[in-house]
Each structure stands twice: as C-alpha cells, then as structure tokens.
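Everything below concerns the one structure shown next.
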Amino acid sequence: METWTLSVDRRKADRAQMIAELELLAASVKDLQVDIFDEDEYWNAADSGAFRDFVPFATLSHPHRAGLEYVAEDLLERFGWLVDFRPPEK
C-alpha cells in the first residue's frame with residue numbers, strides 16, 4: 001500500500017471544501033483510503049511563519065502509486081498551490 005500525506009495551506013484553504021472533495025474522491029476512486037486529521041490538530045499545528053502555512057491535513061493510501069497520482073492531479077487542478085503531497089513522516 002502506498003501512502004502520501006496531503007498538506008494544505010490553512011491560511012487560504014477552505015477546510016470544509018477540501019473535506020468534501022476528499023470524500024468525493026474516496027467514493028469514486030476504487031481502493032482509495034482517506035484519513036482526515038482531527039480539526040484540532042489542523043488548527044493547533046505550529047505555524048512556520050512562512051508565506052504559506054502548510055499543515056498536514058490527511059493521509060491518502062492506495063495499492064498503486066498511479067491511484068495516488070490521479071488523486072494528486074485532481075486536487076492540484078481544483079486547489080492549485082494550496083495543496084502539497086509527500087510520504088508520511090516517520
């Protein structure tokens with residue numbers, strides 16, 4: 001199983017809209033697993049003080065990397081530079 005962490009720019013992203021899109025993707029992409037982090041974690045994550053404030057938002061898992069690439073392309077198309085993807089921190 002391949003897993004990526006989705007981070008979002010919390011200063012500009014609409015959390016509810018992001019959740020709605022992730023739920024839609026989870027329902028339409030076979031074998032996609034989406035685990036959204038608690039709202040408290042999202043709002044209480046440390047602010048790095050940079051121009052953008054990317055914080056972990058969810059983990060995305062799929063048996064094939066191509067499934068995650070498809071999801072990443074969809075989210076980038078919809079949200080542009082408000083999203084970022086990387087392997088989960090260990």
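Largest GNM mean-square fluctuation among PHE57, PHE79, PHE37, using the chain with Cα springs under 10 Å: PHE37.
Solvent exposure of TRP43, expressed as accessible area, is near 130 Å², computed with a probe of 1.4 Å over the protein chains only. Using Cα springs under 10 Å in a Gaussian network model of the chain, which residue among ASP53, ASP31, ASP40 shows the largest mean-square fluctuation? Highest fluctuation of the listed residues: ASP40. Report, to the nearest 10°, how far helix 65-79 tilts away from the longest principal axis of the Cα atoms in the chain, using its own Cα long axis and a range of 0 to 90°. Between the helix axis and the principal axis of the chain, the angle is about 50 degrees.
Largest mean-square fluctuation among ALA58, ALA46, ALA13, in a Gaussian network model of the chain whose springs join Cα atoms under 10 Å apart, belongs to ALA46. For the chain, the pair-distance distribution built from all alpha carbon pairs, in bins 10 Å wide starting at 0, is 17, 54, 26, 3 percent.
The gain in end-to-end length when the ALA20 to GLU69 segment is fully stretched comes to 15.7 nm, 0.36 nm per residue minus the alpha carbon separation.
Can you give me the angle between helix 15-28 and the longest principal axis of the chain, using Cα atoms only, in degrees from 0 to 90, rounded to the nearest 10? Between the helix axis and the principal axis of the chain, the angle is about 10 degrees.
The values are calculated or read from the model by the stated rules, or taken from the named source; none is laboratory data. Remember, it's a predicted structure, so these values are computed and weren't measured experimentally. Each accessible area value is taken on the protein alone, full model and side chains, heavy atoms only, with ligands, DNA and RNA left out. Shrake-Rupley method; radii C 1.70, N 1.55, O 1.52, S 1.80 Å.
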